[in-house]
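Below: one structure, written as structure tokens.
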Amino acid sequence: LEGHWAPKEGSGQGLAHCLHQEGLAGPLRWLENCLKRTAGDREEDGVSHPVPLVPLSEENEDAMEDRRFQALLRQLGLRPPTSEQETFWRIPAALTPQQLRRAAASISYHGPDPPGSHLELLEPSQGPQGPSPELAPAAPCSQDEEEDEDPQPLGRRKRIRRVEEEEED
């Protein structure tokens, strides 16, 4: 059975709150966005495969090495690297989009920001009222996603420029 393990509703909430209070709001937001993005991808593609959590910022990298952040990852059903060939934690293929969204919601922070937190710099008057990916400096869950999304639009723009240059000649 693939879905033998499922994160309990709200699992990770208490630990996420503590980590948020300790200044890990940025990595928690990154993790939340990774879970949501993976849920969306799985719904769109209809296919599930393990997704590596690739921390592209030093802040996220440090969090991934934090013992309590790792405990949170385990509570959410994510798995640590299984061999010496794997470097990154993974979102298992067995987790459904619904389970991923529940996990993301359980670590989402809905309260006043502690003084000096990262969110306070983005929103001085109030904390987040819900998910706002535009404000979150989210790194992709894996390098592959970043490479897949960016080259297409850039490639199109370059072709358009070349066509315009040829017309001028």
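The values are calculated or read from the model by the stated rules, or taken from the named source; none is laboratory data. All of these numbers come straight from a predicted model, not from anything done at the bench. With ideal geometry, Cβ positions are generated from the backbone for all residues, glycine too; neighbour counts draw on all protein chains shown.
Numbers below:
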{"quantity": "Filter result for residue 48 (modelled with pLDDT under 95, within 15 Å of residue 90 (Cα to Cα), over 14 Å from the mean Cα position of the chain (by Cα) and of a type in the set (S, T, N, Q))", "calculated": "yes"}
{"quantity": "Tabulated pairs, the stretch 32-50, first closer than 19 Å to residue 106 by Cα, second among the basic types (Lys, Arg), C-beta under 6 angstrom, 6+ apart or interchain", "calculated": "39/101"}
{"quantity": "Subset of the stretch 67-78 (residues that are out of contact with any Phe, Trp or Tyr (no Cβ under 7 Å at 6 or more places or on another chain) and either basic (Lys, Arg) or surrounded by 15 or more Cβ atoms within 10 Å (Cβ to Cβ) (or both))", "calculated": "67, 68, 69, 70, 72, 74, 75, 76"}
{"quantity": "Residue that is surrounded by the most Cβ atoms within 10 Å (Cβ to Cβ), among those in the stretch 37-63 that are farther than 13 Å from residue 98 by Cα, in contact with a helix residue (DSSP H, G or I) (Cβ under 7 Å, 6 or more places away or on another chain) and of a type in the set (A, V, I, L, M, F, W, C)", "calculated": "51"}
{"quantity": "Filter result for residue 136 (in a loop (DSSP other than H, G, I, E, B), of a type outside the set (Ser, Thr, Tyr) and either exposed (fewer than 13 other Cβ atoms within 10 Å of the Cβ) or modelled with pLDDT under 60 (or both))", "calculated": "yes"}
{"quantity": "Leading residue by the ranking (modelled with the highest pLDDT) among those in the stretch 1-18 that are over 16 Å from the mean Cα position of the chain (by Cα) and closer than 19 Å to residue 61 by Cα", "calculated": "18"}
